[in-house]
Every structure is written in structure tokens, then in C-alpha cells.
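Please treat every number below as a calculation from the coordinates, not as lab data. Keep in mind that this is a model prediction, so the values were computed, not measured. A quick note on method: Cβ atoms are made from the backbone with ideal geometry, for glycine too, and the neighbour counts reach across all protein chains shown.
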Amino acid sequence: MKSVERACDGTGDGARDRECYRCDRDVAPSQLFRVDIEPPDALAREYRPSMRYCCPDCAAAINLSEFSDWMKTRPRRGVGSGDE
């Protein structure tokens with residue numbers, strides 16, 4: 001199955017709203033944050049990767065912008081960090 005935007009030239013029905021996993025509000029897909037979670041190797045047997053969608057208000061409530069800024073300043077694992 002393809003989305004309307006991919007199946008046609010973008011005309012027709014717009015993309016349906018999606019629900020924020022935290023507050024259950026319906027939000028346009030273009031306004032949602034995608035939150036990808038991947039457990040560290042030590043916990044990979046107990047937890048599996050997950051992906052959820054979060055509205056801007058909930059993203060602000062869990063301070064994703066500050067976390068994103070912090071992650072950008074850290075060296076990536078395996079890239080010049082000695083973890084290679």
C-alpha cells in the first residue's frame with residue numbers, strides 16, 4: 001500500500017493525522033517528531049528497538065531539543081572516539 005502522496009502527484013486526500021504516543025492528540029505528520037529508541041548492547045536481549053511519534057508539545061516536555069543539541073556535540077561512536 002502506498003500513501004496518497006506517493007501514489008499520485010500529491011493531489012487528492014492529504015495525509016491523515018497521526019496520534020502522539022504521549023498525549024494521544026491527533027497531529028499532522030509533518031509536525032511530528034519521530035523518536036527512535038535503540039537499546040545499548042548490554043540490554044538488547046531484554047529490550048528491542050522502537051519507533052514512536054511525538055507532538056511538538058510533548059517533545060518540548062521531554063526536552064528533546066536540549067537532548068538533540070547535547071548529542072550533536074558528542075563524538076559519534078566509532079568515529080574518532082577510540083571505540084573502533
task = Sticking with the crude label model, points 7 Å out along Cα→Cβ, report the distance from D26 to Y47 in nm, one decimal please.
result = 3.2
ask   = At what distance in nm do the modelled label points of A61 and R34 sit from each other, each positioned 7 Å from its Cα along Cα→Cβ?
value = 2.3
ask   = Ranked highest first by average number of other Cβ atoms within 10 Å, how do 26-36, 43-53 line up?
value = 26-36, 43-53
query = Mean projection of the alpha-carbon convex hull of the stretch 16-73 over all orientations, in nm²?
reply = 4.9
